[in-house]
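The values are calculated or read from the model by the stated rules, or taken from the named source; none is laboratory data. Source: prediction; values computed, not measured. Cβ atoms come from the backbone with ideal geometry, glycine included; neighbour counts cover every protein chain shown. Surface areas here come from the heavy atoms of the whole protein model, side chains and all, with no ligands, DNA or RNA. Shrake-Rupley method; radii C 1.70, N 1.55, O 1.52, S 1.80 Å.
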Amino acid sequence: MKLIAESNHMANYLAELGEVDYSHHEIQLLLKRLYKPNMNETEMAEAAFRFVRDEISHTWDIQSERITKTASEVLRFKEGICYAKSNLLAALLRAVQIPTGFCYQKLTLGDTPDTGYCIHALNAVYLRSYGRWFRLDARGNKEGIQAEFSLDEEKLAFPIRPQYGEIDYPVIFATPSAKTMDVLERHTNALYMYEQGLPVEL
C-alpha cells in the first residue's frame, strides 16, 4: 500500500502537541536513558518502538480500568490503549527530530464482523537515510499478535482482512484523530470504553 502524507511540511510531523508532550520532564529523563550518543536515526526509532511495545502494557491486555491519553501519562502509568501508546511513540521520536505521524486501521473488535468494528492506531516514521515512511505498530505483542520493527516487510499487529470489511487507511496524519482523543477524554473506565465506546469509523 502506498502511504500518503497528510501534510507536505515535515515540521508538522515534528510538532509538540498536547497529547505529544515531549518536553515533559519524565519524557526528557527517559530520552537520556533510551538513546546512546552514537545511535543513528534507525537505531533510535527501533529503541523507541521496542520500549513502547514491550515496556508499556496495553490496557486491555492487563484488564485495567485506567485511561491514559498524553504521552507523559502513558509513560507515568506504563499503560495505555493503542491511541495512547501511539502518542508516546510519537513523542519519543519527535523529541529527537524523527518525523512521526499517526496511521489507522478499521478492524473487527473481536475475531469476526458480528463482534462489531473499531479504529486501531499505529504510527509512521520518516527515516531520512531511506527517504521514505515506515509504519510501526507498538500496540504490544501477545499470543496471536507479533508486531516487529521491520524496514523490509511490514510486520504490523493486525493483517487486514478485506473480506471482513477491514480497512487499511493510507493517510499519515500529523495529529492524532480527534475521534480517538475524544473517546479517551470522555470515558472513565477503559474496559467499558474498549468494549462499547471505541470509534468505528475514522
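Does L107 satisfy the criteria of being surrounded by 14 or more Cβ atoms within 10 Å (Cβ to Cβ) and either under 30 Å from A11 (Cβ atoms) or of a type in the set (G, A, S) (or both)?
The answer is no for L107.
It is to be established whether one or more residues within region 75-82 are in a loop (DSSP other than H, G, I, E, B) and either acidic (D, E) or over 21 Å from R139 (Cβ atoms) (or both).
The answer is no, given that none of the residues of region 75-82 is in a loop (DSSP other than H, G, I, E, B) and either acidic (D, E) or over 21 Å from R139 (Cβ atoms) (or both).
When you go through (1) open to solvent by 20 Å² or more (accessible area, probe 1.4 Å); (2) among the β-branched types (V, I, T); (3) within 25 Å of L202 (Cα to Cα) one by one for T68, which number turns out not to apply?
Of (1) open to solvent by 20 Å² or more (accessible area, probe 1.4 Å); (2) among the β-branched types (V, I, T); (3) within 25 Å of L202 (Cα to Cα), only one is false for T68: (1).
One line per residue, one yes/no per condition, for (1) in a loop (DSSP other than H, G, I, E, B); (2) open to solvent by less than 70 Å² (accessible area, probe 1.4 Å); (3) of a type in the set (S, T, Y); (4) touching a Gly at 6+ places or on another chain (Cβ under 8 Å):
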| residue | (1), (2), (3), (4) |
| --- | --- |
| M1 | yes, no, no, no |
| G18 | yes, yes, no, no |
| M44 | no, yes, no, no |
| D54 | no, no, no, yes |
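Counting only residues that are assigned to a loop (DSSP other than H, G, I, E, B) and charged (D, E, K, R), which one in region 161-170 is nearest to A5 (Cα to Cα)?
If we take residues in region 161-170 being assigned to a loop (DSSP other than H, G, I, E, B) and charged (D, E, K, R), then E166 is nearest to A5 (Cα to Cα).
Please find, among V20, V74, V52, V96, the residue that is at pLDDT 95 or above and under 18 Å from Y194 (Cα atoms).
Answer to the selection: V74.
Which condition number in (1) in a helix (DSSP H, G or I); (2) among the polar types (S, T, N, Q); (3) in contact with a helix residue (DSSP H, G or I) (Cβ under 7 Å, 6 or more places away or on another chain) is the one that S64 fails?
Among (1) in a helix (DSSP H, G or I); (2) among the polar types (S, T, N, Q); (3) in contact with a helix residue (DSSP H, G or I) (Cβ under 7 Å, 6 or more places away or on another chain), S64 violates only (1).
Scan (1) touching a residue at least 12 places away in the same chain (Cβ under 8 Å); (2) surrounded by fewer than 17 Cβ atoms within 10 Å (Cβ to Cβ); (3) within 17 Å of the chain's Cα centre (by Cα) for the single condition T188 breaks and write down its number.
T188 satisfies every listed condition except (3).
Can you name the number of the only condition in (1) surrounded by fewer than 13 Cβ atoms within 10 Å (Cβ to Cβ); (2) at pLDDT 95 or above; (3) among the polar types (S, T, N, Q); (4) more than 24 Å from E19 (Cα to Cα) that S150 fails?
(1)
Taking region 153-185, which residues are of a type in the set (A, V, I, L, M) and open to solvent by 50 Å² or more (accessible area, probe 1.4 Å)?
I167, A178
One line per residue, one yes/no per condition, for (1) in a loop (DSSP other than H, G, I, E, B); (2) in contact (Cβ under 8 Å) with a residue 60 or more places away in the chain; (3) of a type in the set (S, T, N, Q):
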position: L122; (1), (2), (3): no, no, no
position: V125; (1), (2), (3): no, yes, no
position: W133; (1), (2), (3): no, yes, no
position: R139; (1), (2), (3): yes, yes, no
position: A147; (1), (2), (3): yes, yes, no
position: S150; (1), (2), (3): yes, no, yes
position: P159; (1), (2), (3): yes, no, no
position: I172; (1), (2), (3): no, yes, no
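If we keep just the residues of region 113-134 that are open to solvent by less than 10 Å² (accessible area, probe 1.4 Å) and β-branched (V, I, T), which is farthest from G101 (Cα to Cα)?
I119
Show the residue pairs meeting these rules: Cβ distance below 6 Å; 6+ apart or different chains; first residue within region 43-66 and under 11 Å from C82 (Cβ atoms) and among the hydrophobic types (A, V, I, L, M, F, W, C); second residue surrounded by 14 or more Cβ atoms within 10 Å (Cβ to Cβ) and at pLDDT below 95.
Cβ pairs passing all conditions: W60/Y194.
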